[in-house]
Every structure is written in structure tokens, then in C-alpha cells.
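Data first, discussion second: the structure below is written as C-alpha cells.
What follows is calculated from the coordinates using simple rules that are stated; it is not laboratory data. Fair warning: this is a prediction, and the values are worked out from it, not measured in the lab. Every residue, glycine as well, gets a Cβ built from its backbone with ideal geometry; the counts of neighbours run over all protein chains shown.
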Amino acid sequence: MRPLVHAVGVRKAFGLHEVLKGVDLSVEAGQVLCLIGPSGSGKSTMLRCINHLETIDGGELTVDGLHVGYERRGDVLREIPDREAARRRAEIGMVFQHFNLFPHMTVLENLVEAPVRVKKEKPAAAHDRARELLNRVGLADKGEAFPRQLSGGQQQRVAIARALAMEPKLMLFDEPTSALDPELVGDVLGVMEDLARTGITMIVVTHEMGFARAAADMVVFMSEGRIVEQGPPKSILSNPTQERTRAFLARVL
Amino acid sequence: MAQSSAASHDETAPLTVRPLRHPGRWIGGAVVLLLTAELIRSTATNPRFEWDVVSEYLFSRAILVGLANTLQLTVVAMVLGTVLGTGLAVLRLSPNPVVSGMVGVYVWVFRAAPLLVQLLFWYNLAALYPSITLRVPFGGPVLVKFPAEQLVSVWTAALLGLSLHQAAYIAEIVRAGILSVDPGQREAATALGMPRTLTLRRIVLPQAMRAIVPPIGNEVIRMMKTTSLVSIIAVPELLNTAQTIYARTYETIPLLIVATIWYLVLTATLTVLQSSVEHRFGRGLERSERCPLRALPQVRARTTSAPPRSVADESRTPRVKR
């Protein structure tokens, strides 16, 4: 069976600076994968390439067999129009470091906006599911609040619920706890661990080694635009074989 | 000295706190009041103000029609200018350098040329193009043909001049508003599968409104006063009507006062409207306590022009930097 996310030799440069220097990555459906590595190693860029927030310069990247922003014709990957790319992105949820909730909408409105406008769901059905999701992230009573009335941890949990409201087959997390006060990190990680147990496929860029150890099926260590080492969390985090991995872990653990 | 009096004071009794006195403020206030009273007295008693003539014309039919025309010009020119300006702003941000460049040229020309010159130009359009024809391009058959003088009436010239000029200003305001929205907002919408146009309409523009509405409110007020310029091409708005009357009766000052009174009333009304509209678009982003005096211009200057930026910065989620 083909993996859900499949990347072969992905390259990406910003100007002359090459951020991804040929990344191969496979994520099976239902797996939780943690991308770790020093800042500037290209892990966030890799994540943003997966849902085509960034274009790629070389290689091939598919989600469920489809190139998210491209169409393959023979040996050429042709970028597809925005509308078509948007349709494919709708099946991939993303959670950002700075939450990026829509500040002019209430929490509930944040959750139903995309299902109603993009997937053309009935507002009543979308609202029902939004309430259910808020309940799941422990914020059942915050539906009418505006994002800025919530703490950072609450906002991030709303952001997770907003992504889940589109019923994605893949969830991407871009350093979801890095902007949070330390005492709020636990709530968000708790929600993510619960989510991991539901069997949804997750790719998480994180510095939280505890989370990686507890929830990940696979840990991938990136450095300078390449994957240095990958494997189950126990072996990568406890017995890394590469010198660079060891040096990084010594600094963060 | 202070120490000895403190020592003699009962240590347990509460002390009285006395704020610093400001005798200068009282004197200053008195002088200003005195001058104002004198100004009012002279205005009221100088017979050459002809207040009876003012009251005779203030609600006269001709003046009210002029007032209605001023309002109509303001509304139509603002609506056309805003629609066109918003379109121009979106095009200005287009990735196509030719489109964005041409909009830049438009903004430059219509902001650089004085409005009075533009109005005279549109008024004299018939001299440039005696007839306006709609035909198949490159010398094809003629579809429709109008004499320019008939198509470009003084009203059309006035509306063209005002709204094309206004669009250039609105374009810059809207562009700045769009750019003020955190790029993370666009990304979040994109990641949810929202296409570009939907993102612009539902996520970016509503947030940009917060930065756009206060200056547009000012533009409406400015436009209301600017319409007086079209009196030069004989559009019968408020000022032109007043001029027509005093050209006949020689009651120049009273009629200019009539016009001024109406301009003051309109400005005050628009200012109050502006603050309620601003409140509407600040949804989800305002401080919880509201300043009750927002409609007053001095207070407005402090509560809406500078602090909203800092309110937004200190209270909203941190901005994404990349």
C-alpha cells in the first residue's frame, strides 16, 4: 500500500539559500510522526510544502497519491490553479505556532467558516459538529467568545478544533506549543495526545521531546535541509546513531 | 520646619491630601470665556450680519434643494469612489507588474492634478472628444454614437471628477488596510482550503476594515465639503445656490453664513455616524471598556488614530514573523 504522505528528493530554496536539499519521507496512514531538529533545519518548510503553502523546486511530494499543488504530466510537475489546490488542501488540517484564529469571528464562527463556505455543509450540521469538537478540546463554554478573550493555550485548542472541523485525513502541526506560556503547554499537548489515539495521521514539528516519546510512532531528525536519522522514538531519542542527533538531543533534553 | 509640624501632628490621624493648585488655568479659562462672549456680542449686534436674512433663507426651498444636491453628490461620488478605489487597491496588490504599475500611475495622476483642474477638464471634455462613439476596436463599425455635450452634462462632469479623484485616495487607504492584516491570517485561511477570493472577502477585508473605516469616514466628511468646488462648473449644490441668490440680492455674507451653518450641521452628523460605524467594525478587537466621548473630535484623535494600533499589538495574538 502506498504511504499517505510520500516525499522523494524534495528540494526548496529561498533565493540562493537552499532550505531543503532532497528530503525523502514516508508517513503511513494512522502514523504520528514528529519532526525534530535545530531551528533553520528546514522542518517547518518541509511541513509547509506538504500542503503547498510553499512551492517546491524539485522532487515529488504526494498526499494520498495526489500532488497537492501540482499535476504530473509525464516528467513535468505543473502547478495547478488556486481553486483546485484549495480543494486538495481542504483535506489537510494545519495548526500554526501563532494560532492564527480569525479575530473578527467568534470561536464558533471560526470553526464553521470553512466547512460551510468551502465544503458547502449545512450551517446547522456544521454548528453541531463545531460544538462537539469544542467539547472534545475542553472548551464547550467558549463558543461565543472572541479569540482575544482566550488564553494562548485555549486559542491553540480552538485552532486544533478548527482544523478538525474540516475532517482532514492528515493533520500538520507547526511548533504548536512554542508560543505558549510553559504552564499552558500541557493542555495543548494533552489534546494532541488524545487526537493521536484516535488514529488520525499527524506530522508534528516540535521541540517537545516528552510528547515525541509518548505519542510518536516515528521520529525524524532533520539538520541543514536533510534527514539525518529516523526511527521509533525509543531508538532515536535514547540511542541515536548519528553524532549530530546526539549533539542536538544533548542540548534540548 | 516641616519636620517640627509633622512631629506635633497626631501620628494616627489620617492626613489630608491636597492636589496641586493651578491658578493659571483659571485665569486662562476666564480670558477665553471673556473673548468668546465679546465675539458673540459683536456677531449678534453687528447689523451687517443680517441675521434676519439668514433665518429667512436657512430653510428656504432653493437652499434645501441645494443641500439635497450636495448630499446626493457626496453619496454618489463616495460610493463610486469607494467601489472603484477598492478594486484599484486589489489590482495594485496584483502579482502582475503591468496591472499594479498602471494602477500606480492612475493613483499618481489623480492625486497629483488639483481637483479643480480635473473638474474643469471633465467639464470641457466635449472640446477634446466632440462625440463619444462605441465601436468595434481598430476602426470597425460604429455601434452607438453620442454627442459629448449631451453625455457629459455638468452633473456627469462633477461626478466623474469627484469620484475618479476620490478613487485614487480610497485605493491607497484600502491598500494600506489590506497590508495591515497579519499574513498569518491569509495562511490560516489558505490552509483551511479557502480559495484566494474567498479569503480576501471573508478573512482579509473584514479585518482590513478596521484600518480602513476611520480614514474613509474622514474622506466622506472631506468629500461633503469638497463638493462645493463643483459650484465652479455651475452644478446647483449648496454653495452654488447661495451664490446664485446673493448674485441677485447682494446679501453675500448672510447667504455664506447659511451655507456654512449647513456644512457645520452635516459635518457634525457625519462625525457621529462615523464613530458608530467604527465601533461596528472593531468587533472582536476592541478594548472591553469603551470611551463614552468617542464622538467628540478631540477625544477621537486620541482614541482612534494612535491607540488602536497599540491596542491591537498588545492584546492580539503575537504577529507571525518570517
Seminar exercise, completed: Note to self: C-alpha centroids of segment A:1-36 and segment B:26-69 sit apart, in Å, by 76
For this session: Would you work out the relative contact order for segment A:158-253, in percent, from Cα pairs under 8 angstrom that are 6 or more residues apart?
Result: 21
Exercise. How many Cβ atoms of partner chains, on average, are near each residue of A:102-109 if near means within 10 Å of its Cβ?
Worked result: 5
Problem set entry | segment A:226-237 - phi-based ³J(HN,Hα) in whole Hz, Karplus 6.51/-1.76/1.60, Gly and Pro as x | 9, 7, 8, 7, 8, x, x, x, 4, 6, 5, 7
Seminar exercise, completed: Per the C-alpha gyration tensor (a ≥ b ≥ c, the square roots of its eigenvalues), chain A is rounded if a/c is under 1.5, else prolate if a/b beats b/c, else oblate; here it's oblate
Problem set entry | Of all DSSP beta bridges in chain A, antiparallel share, percent nearest 5 | 60
Exercise. Using θ = phi - 60° and the Karplus curve 6.51 cos²θ - 1.76 cosθ + 1.60, what whole-Hz ³J(HN,Hα) does each residue of segment A:242-253 get, with Gly and Pro shown as x?
Worked result: 8, 4, 5, 4, 4, 5, 5, 5, 4, 7, 8, 7
Exercise. Rounded to the nearest 0.05, what FRET efficiency do A:D128 and A:E79 have when you use their Cβ-Cβ distance and R0 = 41 Å?
Worked result: 0.65
Exercise. Near the amide H of A:M218, under 5 Å away, which other amide H atoms are found, from residues 5 or more places off or on another chain, if H is placed in the peptide plane?
Worked result: A:V32, A:C34
Exercise. If you count the DSSP beta bridges with both ends in the protein assembly as shown, what percent of them are antiparallel, to the nearest 5?
Worked result: 60
Exercise. Among A:233-241, A:81-89, how do they line up from the highest to the lowest mean number of other beta-carbon atoms within 10 Å?
Worked result: A:81-89, A:233-241
Problem set entry | Prolate/oblate/rounded label for segment B:50-281 (Cα gyration tensor, a/c 1.5) | oblate
For this session: Give the shape of the protein assembly as shown as rounded, prolate or oblate, defined through the alpha-carbon gyration tensor: a ≥ b ≥ c are the square roots of its eigenvalues, a/c under 1.5 means rounded, and otherwise the shape is prolate if a/b is larger than b/c and oblate if not.
Result: oblate
For this session: With only Lys, Arg, Asp and Glu charged, each at its Cβ (+1 for the first two, -1 for the last two), find how big the charge dipole of segment B:130-244 is about the Cα centre; round to the nearest 20 debye.
Result: 300
Exercise. Counting alpha carbon pairs within less than 8 Å and at least 6 residues apart, what relative contact order, in whole percent, applies to chain A?
Worked result: 26
Problem set entry | Test item: A:167-180 mean partner chain Cβ contacts at 10 Å | 1
Seminar exercise, completed: Sorted by chain and number, the residues with a modelled amide H under 5 Å from that of A:I80, at a separation of 5 or more or across chains, are A:Y70, A:E71
For this session: From other protein chains only, count the Cβ atoms within 10 Å of every residue's Cβ in A:84-97, then give the mean.
Result: 4
Exercise. Among A:V76, A:V32, A:V137, which one shows the biggest mean-square fluctuation in a GNM of chain A, springs joining Cα atoms closer than 10 Å?
Worked result: A:V76
Exercise. If we sort A:161-172, B:127-138 on the protection proxy, mean other Cβ atoms within 10 Å, highest first, what's the order?
Worked result: A:161-172, B:127-138
Problem set entry | Over 27 Å between alpha carbons, listed pairs A:K43/A:K119; A:K120/A:K142; A:K43/A:K169; A:K142/A:K234; A:K12/A:K234; A:K119/A:K142 | A:K43/A:K119; A:K142/A:K234; A:K12/A:K234
For this session: Report, by chain and number, residues whose modeled amide H sits under 5 Å from the one on A:G37, excluding near sequence neighbours (fewer than 5 apart, same chain).
Result: A:M222
Exercise. Roughly speaking, what % of Cα-Cα pairs in segment A:109-253 are separated by over 24 Å, rounded to a whole number?
Worked result: 40
